[in-house]
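Taking it in order: structure first as structure tokens, then the write-up.
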Amino acid sequence: MFSRLLAASAVSFVLLLPGMAGAADGDAWVPRAQQSRVALEFDVWSYDDPALGTAHSLTWGVAGQVKIARGVYLDFDVPWAVWDYRIPPADVRETEATMGNLTLGAHWAGKVSERLAFHAGGTFSVPTSFTDREEILGSGSATVDYFVWLPLANYIHMRHDVASRNRAYADLHRFFLDSILARGRGGLELRILPTLYYRADIASIVAFPVGDLADRTHLFLEAHSEIAGRASTGVGGGLRVQTVFFPTREDDKAQTALEPYFSYEPTRGFYARLGLLVALDDTLGFGFEEGKVATLRTALGGSW
């Protein structure tokens, strides 16, 4: 399944290249946070672990931002996930699908100069499904860490956990279980040269428990940095580094990942992005090792 999904993503990207309309205007810079943008995003990850079995995880969703007033943009994210897995030793194979949390928010964005822009805002995410603690853990079970893989016969909750791992725990508001998540975020965009850009974003997320499995409030912090080059034709690429911090966890306090990518992104119109997100450190890294996270990320969308 993974090979078919990988091939489909690559073929779609290649087939769309000839039809990309409009070259980028090399002199006009519109910061990404100041565009109306809508994209269909795909994340594909496959793993093979002797204890957990073999699985192929696909998350996708419609995400974007739409200008609603001068400098103000409405943000939204509607994710889904499909998980195809085989569990040893019975060699049981199943395919499960789930909808993620619905996210809605807004942000302000503006330039302070012709080379520097800032943005700030927030979102709320609400769960679309809830778990039953007794169904999953049994009556009288002790509290468990949300992030720990459990050797359970019932794998209902793992659909969301696997989906969260696709992005190496970034954007946890998309699939975090049984919680309402409030996220504050901000960042900057810097045009270093006409063809070279730097972007930085930070976000804090508070997950308030509203279901059986989420029995306490969690806090997450995310930091993203990106350096990108883009020719006047819109063709380019870059390197993105992300770190997710877990202040409320007792063991692993951070997860880092690196993502090189290629892109086609004119000033306006159709855009495409193809990247490989590789987890660098425990517990999800190193990405190319057995059972670790290396995710193919694809986005196809439009801006105006």
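Looking only at residues that are acidic (Asp, Glu) and surrounded by 17 or more Cβ atoms within 10 Å (Cβ to Cβ) in segment 31-80, which one is nearest to Ala170 (Cα to Cα)? Before you say what the answer is, go through the steps one by one.
Just the residues of segment 31-80 that are acidic (Asp, Glu), to begin with: 41, 43, 48-49, 75, 77.
Adding the requirement that they be surrounded by 17 or more Cβ atoms within 10 Å (Cβ to Cβ) leaves 41, 43, 75, 77.
Details: Glu41: 14, Asp43: 12, Asp75: 17, Asp77: 14 Å.
Restricting to residues being acidic (Asp, Glu) and surrounded by 17 or more Cβ atoms within 10 Å (Cβ to Cβ), the top hit is Asp43.
Take the conditions farther than 22 Å from Ser36 by Cβ and modelled with pLDDT of 95 or more and apply them to Gly211. Does it pass? Lay out the reasoning, then the answer.
Values: farther than 22 Å from Ser36 by Cβ: yes; modelled with pLDDT of 95 or more: no.
No.
Which one of these does Thr195 not meet: (1) over 20 Å from Gly110 (Cβ atoms); (2) within 19 Å of the chain's Cα centre (by Cα)?
(2)
Tally the residues that are among the hydrophobic types (A, V, I, L, M, F, W, C) and at pLDDT below 75, restricting the search to segment 76-101. So that I can check it myself, show each step before the final result.
We begin by selecting, within segment 76-101, every residue among the hydrophobic types (A, V, I, L, M, F, W, C); these are 76, 78, 80-83, 87, 90, 92, 97, 99.
From what is left, the residues that are at pLDDT below 75 are 87, 90, 92.
Looking only at that region, the number is 3.
For the subset of segment 167-214 comprising residues that are open to solvent by 30 Å² or more (accessible area, probe 1.4 Å), in a strand (DSSP E or B) and among the hydroxyl-bearing types (Ser, Thr, Tyr), which member is nearest to Pro247 (Cα to Cα)?
Per the criteria, the residue is Ser204.
Would you mind telling me which numbered condition in (1) in contact with a Phe, Trp or Tyr (Cβ under 9 Å, 6 or more places away or on another chain); (2) farther than 22 Å from Val30 by Cα Pro260 fails?
In the conditions (1) in contact with a Phe, Trp or Tyr (Cβ under 9 Å, 6 or more places away or on another chain); (2) farther than 22 Å from Val30 by Cα, Pro260 misses (1) alone.
State yes or no: is Thr233 hydroxyl-bearing (Ser, Thr, Tyr), at pLDDT below 95 and surrounded by 19 or more Cβ atoms within 10 Å (Cβ to Cβ)? Steps first, answer last, please.
Values: hydroxyl-bearing (Ser, Thr, Tyr): yes; at pLDDT below 95: yes; surrounded by 19 or more Cβ atoms within 10 Å (Cβ to Cβ): no.
The answer is no for Thr233.
Within segment 119-144, track down each residue that is in contact with a helix residue (DSSP H, G or I) (Cβ under 8 Å, 6 or more places away or on another chain) and modelled with pLDDT of 70 or more.
Keep residues of segment 119-144 that are in contact with a helix residue (DSSP H, G or I) (Cβ under 8 Å, 6 or more places away or on another chain), which gives 119, 123, 125, 141, 144.
If the condition is that a residue be in contact with a helix residue (DSSP H, G or I) (Cβ under 8 Å, 6 or more places away or on another chain) and modelled with pLDDT of 70 or more, then His119, Thr123, Ser125 are the ones that fit.
Would you mind listing the strands (runs of 3 or more DSSP E) fully within segment 215-304 where at least 1 residues are in contact (Cβ under 8 Å) with a residue 60 or more places away in the chain and over 29 Å from Lys67 (Cα atoms)?
Numbers: elements: 218-230, 235-245, 254-264, 269-279, 294-303.
Hits in segment 215-304: 218-230, 254-264, 269-279, 294-303.
The values are calculated or read from the model by the stated rules, or taken from the named source; none is laboratory data. This structure is a prediction, so every number in the text was calculated from the model and none was measured. Neighbour counts are summed over all protein chains in view; Cβ atoms, including those assigned to glycine, are modelled from backbone coordinates with ideal geometry. Accessible surface areas use protein heavy atoms only, side chains included; no ligands, DNA or RNA. Shrake-Rupley method; radii C 1.70, N 1.55, O 1.52, S 1.80 Å.
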